[in-house]
2 protein chains.
Amino acid sequence: MLPIAVDAMGGDHAPAHIVAGAQLAADEGIPVILVGQPEAIGETSLEVIAASEVIAMDEDPTKSVRTKKDSSLVRAAEAVRDGRASGMVSAGNTGAALTAATLRMKRIKGVGRPAIATPLPMFSGGTPNILIDAGANVDCTPELLALFARMGAVYSRAKYGIETPRVGLLSNGEEASKGSPLTKAAFPLLSESGWQQATGANFIGNVEGRDLLGDDVDVIVTDGFTGNVALKSLEGAAKAIVDALLGAFDSSDEARQGAQLLLPALAPLYERTNPDSVGGAALVGVKGVCMISHGSSSATAILNAVRAAHELAETDLVGQLTAALATD
Amino acid sequence: MLPIAVDAMGGDHAPAHIVAGAQLAADEGIPVILVGQPEAIGETSLEVIAASEVIAMDEDPTKSVRTKKDSSLVRAAEAVRDGRASGMVSAGNTGAALTAATLRMKRIKGVGRPAIATPLPMFSGGTPNILIDAGANVDCTPELLALFARMGAVYSRAKYGIETPRVGLLSNGEEASKGSPLTKAAFPLLSESGWQQATGANFIGNVEGRDLLGDDVDVIVTDGFTGNVALKSLEGAAKAIVDALLGAFDSSDEARQGAQLLLPALAPLYERTNPDSVGGAALVGVKGVCMISHGSSSATAILNAVRAAHELAETDLVGQLTAALATD
């Protein structure tokens, strides 16, 4: 298997934590190759593809990818395109990663627009539900939502081995009559049997925001604007609750004693929902594996993203998507 | 002050819990009047407006309001219109309450569409942020979002006494360049100084899903589709976390002992975010006070909704809205 190209320069803790994470993956036997400025990366036993430029977290995605042709992000995407790597991982500028992967790897036939498939934090402990699109495409057509449904179903099976992924359309009510003009137009397209047969998916109709973390759906389809709002709303709620809990846990001697006793029971819950354990979102629809990690990624997060990229390359996600999209 | 008309027949626990809640309000000295079937309401010392029909929770809103002219919901809205009540409260069919209030009370001049203003559960303990529109209008124009901003600002001051409400536009990023076609078109309208001067509001630009429960904004403006998804996403996350916590609290003898010690510290957090404490959302933009409570409302929830309706009538929310919207 070809190595996973890791953008050593992207992320809040780059390059130190990124390189450390890549090393952890290499120690497990996963082949990795770093991409970035050799002098910044420093001493390492890992192979390095030299790239002289860095795209900052807040740079304009399209412009930076067009002008910084020797940036680590662009060179990482080219490594996948040129057959030097089987996939890429970046914790850098999300928009730029999306643009670099799309422009350099190119889209799979039938993919109007690639989308971000994000695993949701399952407090219940079950297999993560997939939200697609979680932010790549703000302005969508019904046909794009139908494409996301198809790609999400293939991804759900490739990633989690779900044979018959239950696909839901995110709306403001469960009834088929509910929805925005966009979701109402997408509903009949998702109801068609052809794509469900091609992907093994089962369209279960509209789902609501409260279903995102539930056990009744595997893939939630939405446009990138709504997906971004939904994802950040639930992340914000989780943070607000955890902050309030930590405050309560430290509010008296008695509470501190209670929290101490609860620690062993709470640790698995923390571990399960820690973003570092998940390793990031996948950009699906391009001719290569591309994992996009949080900007704040630790070495552990990068390790998990490299593992995920390696697994998706091994299960041939791109081949599966290509086959599923060629059936029209 | 005229009484608050309480729809005795609306809600999962109607009429028993609704009547009990109305009685609690009356016991506090708030004048209330029940609306519904006298035989179902039974023995009560409260005044009753007889209404022979009931609109069920799952009936089509427009059709049911048009055909059931002697329903408790329609009669409650008429009581406000006819000057028999200063406001109404219903835990029944939300869409029907919206339709009945709009058709019977009529809209305030300048209000293209009334909107639902929902207080968000603040785990931090601060004054609730207001989400508007939380679900009444799925398909919105930029002008409607500008109207919601204006009404939300007036409501925030009337309800919580916030002199300079900070109004944010819900989007997929903070930068002004981020957004859907709808929010990008609304942004310049919200940036205008005229409405901010008329309402005392301060437009702070785009906000994200993670800001909904934070302390940096008072009023979050969005269309009813996105608002519904955002609200249910955060409610769903809160429920998933609480369920997981309760499971952890009961997972061993040690954990149960710890939970027991933590109970006094957790109780205020529970109380603060219990939907029953909030009492429901307000329909703003009609010529009358209309509080819409959860279908699952307990007697305490109804008490709090009647209190809220009474306060909004006393502060003359409708007059304040009328004045703020008459400045164009």
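The values are calculated or read from the model by the stated rules, or taken from the named source; none is laboratory data. Everything numeric here is computed off the predicted structure, so don't read it as measured data. Note that we place each Cβ from the backbone using ideal geometry, even for glycine, and neighbour counts take in every protein chain shown.
If you go through the range A:221-230 and keep only what is more than 7 Å from every other protein chain (Cβ to nearest Cβ) and closer than 16 Å to B:Leu231 by Cβ, you end up with A:Thr222, A:Gly227. So in the range B:231-272, with the set limited to residues that are surrounded by 14 or more Cβ atoms within 10 Å (Cβ to Cβ) and among the hydroxyl-bearing types (Ser, Thr, Tyr), which one is farthest from the other protein chains (Cβ to nearest Cβ)? Going through the qualifying residues, I end up with B:Ser252.
Please work out if B:Thr118 is among the polar types (S, T, N, Q) and not in a loop (DSSP other than H, G, I, E, B).
Numbers: among the polar types (S, T, N, Q): yes; not in a loop (DSSP other than H, G, I, E, B): yes.
For B:Thr118, the condition - among the polar types (S, T, N, Q) and not in a loop (DSSP other than H, G, I, E, B) - is met.
Does any residue of the range B:275-298 turn out to be hydroxyl-bearing (Ser, Thr, Tyr), without any contact (Cβ under 8 Å) to a residue 40 or more places away in the chain and farther than 26 Å from B:Pro114 by Cα? No, the range B:275-298 contains no residue that is hydroxyl-bearing (Ser, Thr, Tyr), without any contact (Cβ under 8 Å) to a residue 40 or more places away in the chain and farther than 26 Å from B:Pro114 by Cα.
Based on what the data block shows, is A:Val80 over 30 Å from A:Pro188 (Cβ atoms), part of a helix (DSSP H, G or I) and β-branched (Val, Ile, Thr)? Spell out how you get there, then give the answer.
On the way: over 30 Å from A:Pro188 (Cβ atoms): yes; part of a helix (DSSP H, G or I): yes; β-branched (Val, Ile, Thr): yes.
Yes.
In the range A:87-97, is there at least one residue being closer than 30 Å to B:Gly224 by Cα and within 14 Å of another protein chain (Cβ to nearest Cβ)? Yes: one or more hits. Per the conditions (1) part of a loop (DSSP other than H, G, I, E, B); (2) more than 12 Å from chain B (Cβ to nearest Cβ), the sole criterion not satisfied by A:Cys140 is (2). Just one of the listed residues (A:Ser86, A:Ser156) is modelled with pLDDT of 95 or more and either under 27 Å from B:Glu175 (Cβ atoms) or outside the structural domain of A:Thr222 (by TED's automatic domain parsing) (or both), namely A:Ser86. Look through the range B:180-203, keep the residues that are hydrophobic (A, V, I, L, M, F, W, C) and assigned to a helix (DSSP H, G or I), and return whichever of them is nearest to the other protein chains (Cβ to nearest Cβ). Per the criteria, the residue is B:Leu182.
Which of the numbered conditions does A:Arg272 fail, given that it passes all the others? Conditions: (1) modelled with pLDDT of 95 or more; (2) closer than 30 Å to A:Ala14 by Cβ; (3) not assigned by TED's automatic domain parsing to the domain that holds A:His17. Of (1) modelled with pLDDT of 95 or more; (2) closer than 30 Å to A:Ala14 by Cβ; (3) not assigned by TED's automatic domain parsing to the domain that holds A:His17, only one is false for A:Arg272: (1). If you check A:Arg157, A:Arg210 for being free of Cβ contacts under 8 Å to residues at least 24 places away in the same chain and either touching a strand residue (DSSP E or B) at 6+ places or on another chain (Cβ under 9 Å) or part of a helix (DSSP H, G or I) (or both), only one passes: A:Arg210. Is it the case, given these coordinates, that B:Asp276 is outside any helix (DSSP H, G or I), over 25 Å from A:Pro268 (Cβ atoms) and more than 7 Å from chain A (Cβ to nearest Cβ)? No, not satisfied.
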